[in-house]
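Working notes, structure below.
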Amino acid sequence: MRKLTFIRTLLLALCMPLALASMPSPASAQIAVGISVHVGPPALPVYVQPPCPTEGFLWTPGYWAYGDAGYYWVPGVWVAPPRVGLLWTPGYWGFAGGVYGWHAGYWGPHVGFYGGVNYGFGYGGAGFVGGEWRGGRFAYNTAVLNVNTTVVHNTFVDRTVVHENVGVRASFNGGPGGTSAVATAQERAAEHEEHVNATSEQMGHEHAASQDRSNFASENHGRPANPAMSRVGERAENQQKRIGNGAASGKMSAGETAHVEKQEQHINQQVKSDRAANGGKLTPAEKKQVNREQNKTSREIHNDKSGKKDPK
C-alpha cells in the first residue's frame, strides 16, 4: 500500500510541506503520505460483509485507492494478520493545503487514528469494536461482524457498541464534506508503537483491484459491483461460479460454456507455471497479464449471458 508520492504541479510541490504540517493526524514515524491528488475520493459504498472464511482472519475494510485511471475501489476482505496479537488500522485520505493525501494503513497492537472515517464492521471512526485477542485466539463480536458460528466458535456478543445512525459516508478527513475528527491521546500513543506494513497478500489484493475496470470510479460512479470479498483471490472463484450459473440458467450454450471453461483452464495453468518458475510467486508483469486475461473472460461471460457478441 505504500506508494511513491507524485506531484502533478509546481504549486502542489510547494504546498505539500505546509499541507502535511497541518493534517488533523499528528505526524509520526510510521505515517507516510503516499499519493496526493486535488480531487477527493467518492463516498464509501454501503455493502454487506461476507462471512469470515476461517478462524483467525481479520476484516480489512474496503477503500478508494488512486492510480493512473483515477480512483478505484479495493474491496473489503478477510485476511490473515502478520502474527497473533496485531490489529489493523485502516488507511485514510486526509485533506490539507488544497490536496488529498493518502495515509497508509498498518498492523499494530492497538488501532490508531484513521481519520474518523466510518468504514463500518467495527470501524466506526475511532478504535475497533469488532473483537479482541484472547490468549492467542481472536474473539469475534458477532454484533458487528458477519461470522458463521457453526464454523468459528470463538465469538461473543456486545450490542452496546452498535449505533443505528451510521452518519456520513465520507471517505476522507478534513475539507468540505469530510470528517472533522482529530486524533485522541490514545490514538497518538498507538501511532508510536511498533508497526507492521500491509502484508504481501494485502498489496497483491490492491494491485489486482487496480487491474479490474469494474472497480474504477469512472466506470462504476462510486458503486463498485464487487465491494467485498471473503478472501484474497476470490475473483477467480466467483468467475467460475458465473460460468456455472450461466450454463444452468440456459443463457450460455454448451459451446460458449466450453469456450470460457477452456480459457479459465488456460489461465489457471499459466498461473501454475509462472509460480513454479518464480519460487511460488508471480511477477508484477505476470499478475498484470493474468488480470488482463481474466477481464477478457469476464467480458465474454457477460456477453454470452446477455446474448451480445463482440464486434469483429
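Per residue, the convex hull spanned by the alpha carbons of segment 67-133 comes to 108 Å³.
Modelled label positions at Ser180 and Ala143, each set 7 Å beyond Cα in the direction of Cβ, lie 2.8 nm from each other. Over every Cα atom in segment 133-214, the radius of gyration and the widest Cα-Cα span, Dmax, amount to 17.6, 45 Å. On segment 113-184, 53 percent of the accessible area sits on carbon and sulfur atoms, based on a 1.4 Å probe. Once the chain from Glu219 to Val157 is taken as fully extended at 0.36 nm per residue, the excess over their C-alpha distance is 18.4 nm.
The value given for segment 172-233 is a Kirkwood hydrodynamic radius of 15.0 Å, derived from the mean inverse Cα-Cα separation. Each Lys and Arg adds +1 at its Cβ and each Asp and Glu adds -1 at its Cβ; summed about the Cα centre, segment 55-177 shows a dipole of about 160 debye.
The values are calculated or read from the model by the stated rules, or taken from the named source; none is laboratory data. Predicted model only: the values in this text are computed from it and were never measured. Positions of Cβ are backbone-derived with ideal geometry, glycine not excepted, and every protein chain shown enters the neighbour counts. Remember, those area values only see protein heavy atoms, side chains included, never the ligands or the DNA or RNA. Shrake-Rupley method; radii C 1.70, N 1.55, O 1.52, S 1.80 Å.
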